[in-house]
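Participant: Please read through the structure below; I'll follow up with questions.
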Amino acid sequence: VNSRSLIDVEGMSAGQLDQVLAQAAQLAEPDPSPLRGRHVALLFAEPSTRTRLSFEVAARRLGGETYVLDPQSSSMVKGETLVDTVRNLGAIGFSVLVVRHHRAGAAAVAARYFGGAVINAGDGWHAHPTQALLDLFTLRQRFGDLNGRKVAIVGDVLHSRVAKSNVWTLSTFGADVWLSGPAGWLRGMDRYPARVTDDLDQAIDGADAVMGLRVQKERMARGMSFDSYIERYQITEARLARSAPEAYYMHPGPINEGVEVTREVARGPRSLVLEQAHNGVPIRMAVLANAASNVPATPQERELVRSLS
Ligand code: NCD
């Protein structure tokens, strides 16, 4: 009903009355399966455990049909490009595509050529939006308001899409975000809304949460060794003595215990690691439901719904 106020039913058309009734029916019984009949493609061109499984669980809990596309066994190994693959997914009947790719910008490219909704599950060094959302959710559950809370993100920031996406979301909610690690892994980070230092003690000092990142063996810089990293940047209970007494430890996984963090911290009472994994499901449910509501079902999906009912 396109009118701000409701004064009288006299003069309302059948269509307008119907619209109110339809809205009421919808609100009285919120759709329990907003992905019913939807074909959700999970294209993971990079390894993943938590992210892939939680997207799959989330989609199924909303009634969606999930299909995992493994580039290793698809025509992508024959040289079919991401663009070609994505175009064909639309033709086959998918309306939602979750994509992880080793190239920054891959999700945006996919979104340009896919008719439906694309959700970025991590693209190269660029972004990992659902991880940042679930981290935000986890921290807000603990702190409520994040305004003025100090969060230190430590490790290979340069190569971390998790760190970069977290900087945006956390700073948007007023957190005081610090990035720390070896100087070579902080290059260019001064253009992000965060404080940047290779002095770990300064970054951790008074922190309410410390977020570790995986030391990516494949990306150890020249002249850097595991031993020197451990000596200067490993998160230990002793180092956390500088943080707020109840400071939390977070990590997106997978963790190299004994490298970026001790086993004691990673599995100890400060650790939110399993809570983060747990929160991945509701966050991805929300993202998928929203995506599906913004794109029409494909003919194949409509056919499936018809055959189910
Ligand atoms: C991360 C990723 O792949 O971006 N893991 C994750 O999604 N939970 C971090 C990593 O690979 O180190």
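Participant: Quick check on the stretch 1-81: what are the equivalent-ellipsoid semi-axes from the Cα gyration tensor, as sqrt(5λ), descending, whole Å? Spell out each step's value before the answer.
Facilitator: Numbers: eigenvalues 417, 43, 21 Å².
Each semi-axis is the square root of five times an eigenvalue, giving 46, 15, 10 Å.
Participant: Can you tell me which of Ser73, Ser13, Ser160 moves the most in a GNM of the chain? Springs connect C-alpha atoms under 10 Å apart.
Facilitator: Ser13
Participant: Two-decimal Rg/Rh of the chain from alpha-carbon positions, Kirkwood Rh? If you can, show how the numbers build up before the last one.
Facilitator: Values: Rg = 22.7 Å, Rh = 21.5 Å.
When Rh is taken as the Kirkwood radius, the ratio is 1.06.
Participant: Let me ask something else. Between the helical axis of 82-92 and the dominant principal axis of the chain, each derived from Cα atoms, what acute angle in degrees is found, rounded to the nearest 10?
Facilitator: 30
Participant: Run down the lysines and flag those whose C-alpha is under 24 Å from the C-alpha of Lys164, throwing out any fewer than 8 positions away in its chain.
Facilitator: Result set, ordered by chain and number: Lys150, Lys217.
Participant: I need the shape label for the stretch 18-63. Rule: rounded when a/c is under 1.5, else prolate if a/b > b/c, else oblate, with a, b, c from the alpha carbon gyration tensor. Write out the running numbers ahead of the final one.
Facilitator: Values: a/c = 4.58, a/b = 3.31, b/c = 1.39.
Taking the square roots of the gyration eigenvalues as a ≥ b ≥ c, the stretch 18-63 is prolate.
Participant: Where is the GNM fluctuation largest for the chain (alpha-carbon springs, 10 angstrom cutoff): Glu257, Glu46, Glu80?
Facilitator: Glu80
Participant: Keeping all protein chains in place, calculate the accessible area per residue for the chain (probe 1.4 angstrom), answer in Å².
Facilitator: On the way: 15700 Å² over 309 residues.
Dividing the accessible area of the chain by its residue count gives 51 Å².
Participant: Shifting gears a bit: Pick from Ala14, Ala41, Ala163: which is most flexible by mean-square fluctuation in a GNM of the chain where alpha carbon atoms under 10 Å apart are linked?
Facilitator: Looking only at Ala14, Ala41, Ala163, the biggest GNM fluctuation is shown by Ala14.
Participant: May I pose another question? What are the semi-axes of the equivalent ellipsoid for the stretch 107-243, taken as the square roots of 5 times the Cα gyration tensor eigenvalues, largest first, in whole Å?
Facilitator: Details: eigenvalues 134, 84, 28 Å².
Working from the Cα gyration tensor, I get semi-axes of 26, 20, 12 Å.
Participant: For helix 14-28, report the angle its Cα long axis makes with the longest principal axis of the Cα atoms of the chain; keep it between 0 and 90° and round to the nearest 10°.
Facilitator: 40
Participant: Given the rule -39500 (n - 2.57) for each run of at least 4 DSSP H residues, summed and divided by the residues of the chain, what is its mean residue ellipticity at 222 nm, to the nearest 500 deg cm²/dmol? Working shown, then result.
Facilitator: Values: 12 runs with 125 residues, N = 309.
Mean residue ellipticity, 222 nm, calculated: -12000 deg cm²/dmol.
Participant: Over the residues of the stretch 236-306, compute the C-alpha Rg and express it relative to 2.2 N^0.38 Å. Walk me through the numbers on the way to the answer.
Facilitator: On the way: Rg = 19.9 Å, N = 71, 2.2 N^0.38 = 11.1 Å.
Here the Cα radius of gyration is 1.79 times the empirical estimate.
Participant: Still on this structure: What Rg and what Dmax come out for the stretch 186-309 when only alpha-carbon atoms are used, in angstroms?
Facilitator: Just the Cα atoms of the stretch 186-309 yield Rg and Dmax of 20.6, 63 Å.
Participant: To continue, here is another question. What is the helix-to-structure angle for 161-172, meaning the angle in degrees between its Cα long axis and the longest Cα principal axis of the chain, kept from 0 to 90 and rounded to the nearest 10?
Facilitator: 80
Participant: Next question, about the same structure. Report the Cα-based extents of the stretch 96-155 along its three principal axes, largest first, to the nearest Å.
Facilitator: 41, 26, 14
Participant: Give the whole-number value, in cubic angstrom per residue, of the convex hull volume spanned by the C-alpha atoms of the stretch 37-154. Don't skip to the answer; put the middle values down first.
Facilitator: On the way: hull volume 15.1 nm³, N = 118.
Enclosed volume per residue, from the Cα hull, is 128 Å³.
Participant: While we're here: So, in Å, what gap is there between the alpha-carbon centers of the stretch 204-240 and the stretch 104-145?
Facilitator: 24
Participant: Hey, what does the equivalent ellipsoid look like for the stretch 74-116, semi-axes from the Cα gyration tensor as sqrt of 5 times each eigenvalue, largest first, whole Å?
Facilitator: Working: eigenvalues 47, 38, 13 Å².
Value: 15, 14, 8 Å, ordered largest first.
Participant: Return the carbon/sulfur percentage of the accessible area of the chain, one whole number, probe 1.4 Å, all protein chains in place.
Facilitator: Values: 8110 of 15700 Å².
In the chain, the share of accessible area belonging to carbon and sulfur is 52 percent.
The values are calculated or read from the model by the stated rules, or taken from the named source; none is laboratory data. Note that the structure is a prediction, hence the values are computed from the model and not measured. The area values use the complete protein model at the heavy-atom level, side chains included, leaving out ligands, DNA and RNA. Shrake-Rupley method; radii C 1.70, N 1.55, O 1.52, S 1.80 Å.
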